Ligand SMILES: CC(C)(COP(=O)(O)OP(=O)(O)OC[C@H]1O[C@@H](n2cnc3c(N)ncnc32)[C@H](O)[C@@H]1OP(=O)(O)O)[C@@H](O)C(=O)NCCC(=O)NCCS
């Protein structure tokens, strides 16, 4: 299995991974989100990685630009969303490998903070910790019972300890329905 950046020609195959992984109800919505994010100028810089086996795409992850507002310094930040592995390929560690390869590349390109809204038992394996208690607010309020799902990770610098603020995501991701679960 190989992980590399995706190409424009692979867009349809990538959208299909999301459709299948997220199922009948959510699949088309998430696939549209990915398609729109790949066209969204305000999401740049973007990192789009695919997991490939025998020339077939089996997983995809997207990291898009985030801005930490209310800080005196400009912080280089990204949001991880979404991540999907083809149903027949799940639970083989591919998701974790895609996350970690993304984090490695972002660290090398001097990204300081990465955010994710996701399963609070899954992402901490890759170094994420709850973001709310660090003073970083999501673009839309996260209900208290799901507070642990909004997470952060510092890759570079010393910005976590001395800063706080509200996160502004790309235009396409900045819709309330993407922040409900
Ligand atoms: C969630 C997902 C990306 C994980 O990818 P993966 O390659 O299957 O995950 P890994 O093999 O790296 O890790 C598997 C572990 O994640 C856990 N996991 C998978 N889905 C989970 C979920 N919805 N909630 C909590 N844990 C989950 C598994 O229980 C497994 O735990 P174990 O190692 O203790 O058995 C994949 O299952 C998927 O595409 N799901 C559908 C789409 C989705 O929910 N995307 C994530 C949005 S936050």
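By how many nm would the segment from residue 74 to residue 125 grow when fully extended, if each residue of separation counts as 0.36 nm and the alpha-carbon distance is taken off?
Taking residue 74 through residue 125 to full extension adds about 15.6 nm, to one decimal.
Compute the whole-percent fraction of alpha carbon pairs in region 90-181 spaced more than 21 Å apart.
In whole percent, the share of Cα-Cα pairs in region 90-181 beyond 21 Å is 34.
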| query | Hey, quick one: spin label on residue 4, modelled 7 Å out along Cα-Cβ, who in region 73-104 has an amide N within reach, i.e. under 17 Å? | reply | 98, 101-102
| task | Compute the separation of the alpha-carbon centres of region 40-89 and region 92-111 and state it in Å as a whole number. | result | 10 Å
| task | Kindly express, to the nearest 10 degrees and within the range 0 to 90, the angle between helix 94-108's C-alpha long axis and the longest C-alpha principal axis of the chain. | result | 50 degrees
| Do the sum for the chain: with -39,500 (n - 2.57) for every DSSP H run of n ≥ 4, divided by all residues, what is the mean residue ellipticity at 222 nm, to the nearest 500 deg cm²/dmol? | -9000 deg cm²/dmol
| Top mean-square fluctuation among 76, 108, 51, Gaussian network model of the chain, C-alpha springs under 10 Å? | 108
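Can you put 4, 11 in order of Cβ neighbours within 10 angstrom, beginning with the fewest?
Values: 4 10, 11 15.
Ordered from fewest to most neighbouring Cβ atoms within 10 Å, 4, 11 come out as 4, 11.
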| message | Can you give me the angle between helix 11-39 and the longest principal axis of the chain, using Cα atoms only, in degrees from 0 to 90, rounded to the nearest 10? | response | 70 degrees
| Residue of 107, 92, 171 that the Gaussian network model of the chain assigns the largest fluctuation, springs spanning Cα pairs under 10 Å | 92
| query | Between residue 35 and residue 105, what is the spin-label point distance in nm, taking each point 7 Å from the Cα along the Cα→C-beta axis? | reply | 2.3 nm
| task | Let me know the Rg and Dmax you get for the chain when you use only its Cα atoms, in Å. | result | 15.5, 48
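Where a number appears in this text, it was derived from the coordinates with a stated rule and is not lab data. Because the structure is predicted, anything quoted here is derived from the model rather than measured. Cβ atoms come from the backbone with ideal geometry, glycine included; neighbour counts cover every protein chain shown.
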